Structures are given as C-alpha cells and as structure tokens.
Amino acid sequence: MNTLGERLSFLRDNLEMTQMELAEKIGITPMTLAKYTKDLNEPRSSTIAKMAQVLNTTSDYLVGLSDDYASAGTETLPPQNKREQDLLFHFRKLSEQDKIRVEERILTLLENE
C-alpha cells in the first residue's frame with residue numbers, strides 16, 4: 001500500500017465502513033471521496049487531518065510518511081508490523097464462523113507452548 005487511495009481503502013475496510021459513511025463523517029461528498037480513493041485528486045491538509053481522526057490513524061500514515069497506521073496514543077500494545085496488519089486485515093474479512101475457528105486454533109497453539 002503506497003498511495004493515499006490504497007491506504008484509505010485499507011483503513012475503511014478494517015473499520016467495516018462504507019464510502020458513504022466515511023464521506024459523511026469527514027464532511028465531503030461520496031464523489032470527492034471516490035476521487036481520493038482512486039488517486040485522481042489530492043485532499044487538502046485539513047481534509048487529511050479529518051480523515052486521520054475518523055479512521056483512527058495519523059496523517060503521516062495517510063500520506064505515506066509512515067507504515068504504522070495505529071494512531072499515536074490510542075495503542076497500548078507495541079505497533080503492529082506489516083505481517084500483523086495483513087493478518088488482521090484478512091481476519092476481518094472472514095465470516096463469523098471462520099473467525100471463531102481461527103480463535104480456537106490460536107488458543108490451541110498457545111496451550112501447546
């Protein structure tokens with residue numbers, strides 16, 4: 001994920017938020033958000049700041065200055081590495097039944113340590 005559009009999509013998917021919901025929370029039109037997501041237009045810095053707040057991330061992550069999408073001050077655990085971010089992203093796409101299966105497998109692996 002290198003572009004603002006890719007990062008917006010990743011974060012929006014992680015939060016299970018529609019484009020319409022995100023646009024509404026930021027205070028822009030869905031069409032404007034679609035152009036940002038497709039990297040056709042670049043938002044103003046004030047819009048990037050609103051995006052970061054709504055998506056619980058930093059402006060640095062959105063513009064590609066950081067690969068850590070966790071918002072400063074909201075995470076008590078060490079920052080997630082790329083592998084952990086990818087796993088979480090894929091986990092959130094699973095059905096509820098599959099999420100339970102993954103959780104059971106993790107607990108089984110931890111018992112065997």
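The values are calculated or read from the model by the stated rules, or taken from the named source; none is laboratory data. The structure presented is a predicted model; accordingly, all values stated were derived computationally and were not measured. Backbone-built Cβ (ideal geometry, glycine too); neighbour counts: all protein chains shown. Note: accessible area is taken over every heavy atom of the protein model, side chains too, but ligands, DNA and RNA are not part of it. Shrake-Rupley method; radii C 1.70, N 1.55, O 1.52, S 1.80 Å.
Nearest 500 deg cm²/dmol is fine: what mean residue ellipticity at 222 nm does the chain get from its DSSP H runs of n ≥ 4 alone, each adding -39,500 (n - 2.57), divided by its residue count?
Numbers: 7 runs with 67 residues, N = 113.
Dividing the helical sum by the residues of the chain leaves -17000 deg cm²/dmol.
For the chain, modelled as a GNM whose springs connect Cα atoms under 10 angstrom apart, the maximal fluctuation among Asp60, Asp86, Asp98 occurs at Asp98. Measuring spread by the Cα atoms of the chain yields a radius of gyration and Dmax of 16.0, 51 Å.
For the chain, a simple Cβ point-charge model (Lys and Arg +1, Asp and Glu -1, everything else neutral) yields a dipole of about 480 debye relative to the Cα centre.
Taking all protein chains in place and a 1.4 Å probe, what share, in percent, of the accessible surface of the chain do carbon and sulfur account for?
Values: 4040 of 7900 Å².
Summing carbon and sulfur atoms, their accessible area is 51 percent of the total for the chain.
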